[in-house]
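S.K.: Got a structure here, written out as structure tokens. Questions coming.
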Amino acid sequence: MQQLKTVAFHTLGCKLNYSETSTLSRMLENDGFEKREFDDEADVYVINTCSVTENADKECRQIVRRIQRRAPEAMVVITGCYAQLKPEEIAAIEGVDLVLGAAEKFNLAKHLQDLVKGDSARICSCDIDDVQGFNSSYSINDRTRTFLKVQDGCDYNCSFCTIPLARGHSRSDSIEGVLRNVAELAASGTKEIVLTGINLGDFGKGNDGGKRTESSFYELIQELDKAEGIERFRISSIEPNLLTNEIIEFVAKSKKFMPHFHIPLQSGSNKILGAMRRRYKRELYADRVATIKQLMPHCCIGVDVIVGFPTENDEDFQDTFQFLHDIDISYLHVFTYSERANTHALELKPVVPIHIRNERNKTLRNLSYQKMQYFAAQHNGQTRPVLFENADKQGMMDGYTDNYIKVQTPYRQQWANNIVDWTLS
Ligand code: SF4
């Protein structure tokens, strides 16, 4: 049997995937593997896929072909959301040796032990409803900021989304488990932790078959606030209906939780929110933003929004535009709706022509640019704490204020991975 000694990873998709890849990599390194860059030669290549990526199968195919040209004898393993959703399709790609579904992802080392390069790929996957366990993971790239996964999966059924099919039920780490990881990260020199999950505000469902345990996201952040060694926490993204007033009030008082929220809106039209099966109306969203800004006028608020959802007519889009224009948010992440197999949204008619979807995307990206400029201008002249990153980027370094304004300056060793009071200009 071939001795596998080196491994290279490639990640597609979201921050959660990146933190999981980091953990997989550390697990294999602990097992004696040596990590290689993806463009170098390795014995094993692991691709952690995403179901949201457009043309996921095409992208996967191209990457596998690249690997085959570079290292025809190497083992190719595909895991992640797309591997869970379409295992057969992926196994049929020439050159793929192993397809690992959601339940088997963290057993990678075990599966590699008896893997043989052959004609057909081995599929290790199960029904997503049977995926119950939680595997915590975190990424350490630059040490300064780390993405720590504390929750996985989702029990909602938004009509455009395949994530519940790919990642299963909502489940979380225990508060003790999170604190253990936080202590490890603090010991390794990490200064800022971004709490990450698929539906983060739903934190608290334990490993006991999805049954709700006693903990909640609010309890988690209260405990984290007391953790020593970490200077900053951020909440990566939280559903508006789960962002309670007590969480907002807590963040406003906390010295460690940064004044920065990312809250998916998806549409500013109540008609479209209903069709999307979202769990709030736009009035609730506006209310959350108003509460945040009342308590933290300097708070940065990011918004996810989807344009071109089926049945979204000009008036609905105008509703979204006007809503976003009028509320006090700082930037937008704009997504163009695209059809996904096995989602309810596929049945909704009429669909929006592609060129109109693209136009609407452009309109909201322009709005986002204006919001960003306005938010930065509001803070000009203020002195705010900036955490500078380690990386020396051709003589320059990046840092972020507490409220997520990016700062760039010539590199200075003594500022790297440190918080510096900075006057914005
Ligand atoms: S909340 Fe909705 S969009 Fe987010 S993962 Fe769950 S189903 Fe998908």
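S.K.: Has segment 341-349 got any residue that is polar (S, T, N, Q), touching a helix residue (DSSP H, G or I) at 6+ places or on another chain (Cβ under 8 Å) and at pLDDT below 95?
M.R.: Scanning segment 341-349, I find at least one residue that is polar (S, T, N, Q), touching a helix residue (DSSP H, G or I) at 6+ places or on another chain (Cβ under 8 Å) and at pLDDT below 95, so the answer is yes.
S.K.: List pairs: first residue in segment 362-375 and free of Cβ contacts under 8 Å to residues at least 40 places away in the same chain, second residue of a type in the set (F, W, Y) anywhere in the structure, Cβ distance under 6 angstrom, at least six positions apart or on different chains.
M.R.: Matching pairs, first to second residue: S368/Y331.
S.K.: Assess whether E29 counts as being out of contact with any Phe, Trp or Tyr (no Cβ under 9 Å at 6 or more places or on another chain) and either among the basic types (K, R) or not in a loop (DSSP other than H, G, I, E, B) (or both).
M.R.: yes
S.K.: Here's a follow-up. Report yes if I329 is assigned to a strand (DSSP E or B), buried (at least 19 other Cβ atoms within 10 Å of the Cβ), β-branched (V, I, T) and more than 16 Å from the ligand (Cβ to nearest atom), otherwise no.
M.R.: no
S.K.: Now a separate question. Just checking, which of R340, R384 is among the basic types (K, R) and within 30 Å of F321 (Cβ to Cβ)?
M.R.: When all the criteria are applied, what remains is R340.
S.K.: Let me ask something else about it. If only one of I63, I67 is closer than 25 Å to I163 by Cβ, modelled with pLDDT of 85 or more and either buried (at least 18 other Cβ atoms within 10 Å of the Cβ) or of a type in the set (A, V, I, L, M) (or both), which one is it?
M.R.: I63
For (1) without any contact (Cβ under 8 Å) to a residue 40 or more places away in the chain; (2) within 16 Å of the ligand (Cβ to nearest atom); (3) among the acidic types (D, E), each residue gets a yes or a no:
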residue	(1), (2), (3)
G101	yes, no, no
A166	no, yes, no
R171	yes, yes, no
T190	no, no, no
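S.K.: Follow-up. Quick one: C126 ticks every box in (1) in a loop (DSSP other than H, G, I, E, B); (2) more than 30 Å from K205 (Cα to Cα) except a single one, so which number is it?
M.R.: Condition (2) is where C126 drops out.
S.K.: Let me ask something else. Scan (1) acidic (D, E); (2) over 30 Å from P353 (Cβ atoms); (3) in a strand (DSSP E or B) for the single condition D287 breaks and write down its number.
M.R.: Among (1) acidic (D, E); (2) over 30 Å from P353 (Cβ atoms); (3) in a strand (DSSP E or B), D287 violates only (3).
S.K.: Please determine whether any residue of segment 111-122 is in contact with a strand residue (DSSP E or B) (Cβ under 9 Å, 6 or more places away or on another chain), in a strand (DSSP E or B), more than 19 Å from C154 (Cβ to Cβ) and not assigned by TED's automatic domain parsing to the domain that holds S172.
M.R.: yes
S.K.: Any idea which of G302, G308 is buried (at least 18 other Cβ atoms within 10 Å of the Cβ) and farther than 11 Å from S267 by Cβ? Before you say what the answer is, go through the steps one by one.
M.R.: Details: G308 fails: farther than 11 Å from S267 by Cβ.
G302 is the lone residue from the list that is buried (at least 18 other Cβ atoms within 10 Å of the Cβ) and farther than 11 Å from S267 by Cβ.
S.K.: Applying the selection to segment 48-73, what residues are over 18 Å from L24 (Cα atoms) and outside any helix (DSSP H, G or I)?
M.R.: Result: S51, V52, T53, E54, N55, A71, P72, E73.
S.K.: Quick one: is R278 in a loop (DSSP other than H, G, I, E, B) and within 20 Å of the chain's Cα centre (by Cα)?
M.R.: It is true that R278 is in a loop (DSSP other than H, G, I, E, B) and within 20 Å of the chain's Cα centre (by Cα).
S.K.: Out of all the residues in segment 135-148, is one or more surrounded by 15 or more Cβ atoms within 10 Å (Cβ to Cβ), outside any strand (DSSP E or B) and either at pLDDT 90 or above or within 16 Å of the ligand (Cβ to nearest atom) (or both)?
M.R.: No, there is no match, as no residue in segment 135-148 is surrounded by 15 or more Cβ atoms within 10 Å (Cβ to Cβ), outside any strand (DSSP E or B) and either at pLDDT 90 or above or within 16 Å of the ligand (Cβ to nearest atom) (or both).
S.K.: Read through the list (1) outside any loop (DSSP other than H, G, I, E, B); (2) more than 29 Å from V150 (Cβ to Cβ); (3) in the same structural domain as L179 (by TED's automatic domain parsing), then give the number of the only condition that L346 fails.
M.R.: For L346, the failing item is (3).
S.K.: While we're looking at this one, here's another question. Look at segment 290-314 and say how many of its residues are in contact (Cβ under 8 Å) with a residue 40 or more places away in the chain and either assigned to a strand (DSSP E or B) or among the charged types (D, E, K, R) (or both).
M.R.: Within segment 290-314, residues that are in contact (Cβ under 8 Å) with a residue 40 or more places away in the chain and either assigned to a strand (DSSP E or B) or among the charged types (D, E, K, R) (or both) number 9.
S.K.: Would you confirm whether or not segment 224-232 contains a residue that is buried (at least 20 other Cβ atoms within 10 Å of the Cβ), within 14 Å of the ligand (Cβ to nearest atom) and assigned to a helix (DSSP H, G or I)?
M.R.: Within segment 224-232, none of the residues are buried (at least 20 other Cβ atoms within 10 Å of the Cβ), within 14 Å of the ligand (Cβ to nearest atom) and assigned to a helix (DSSP H, G or I).
The values are calculated or read from the model by the stated rules, or taken from the named source; none is laboratory data. A quick note: this is a predicted structure, and the numbers were derived from the prediction, not measured. No Cβ is skipped: glycine too gets one built from the backbone with ideal geometry, and neighbour counts run over all protein chains shown.
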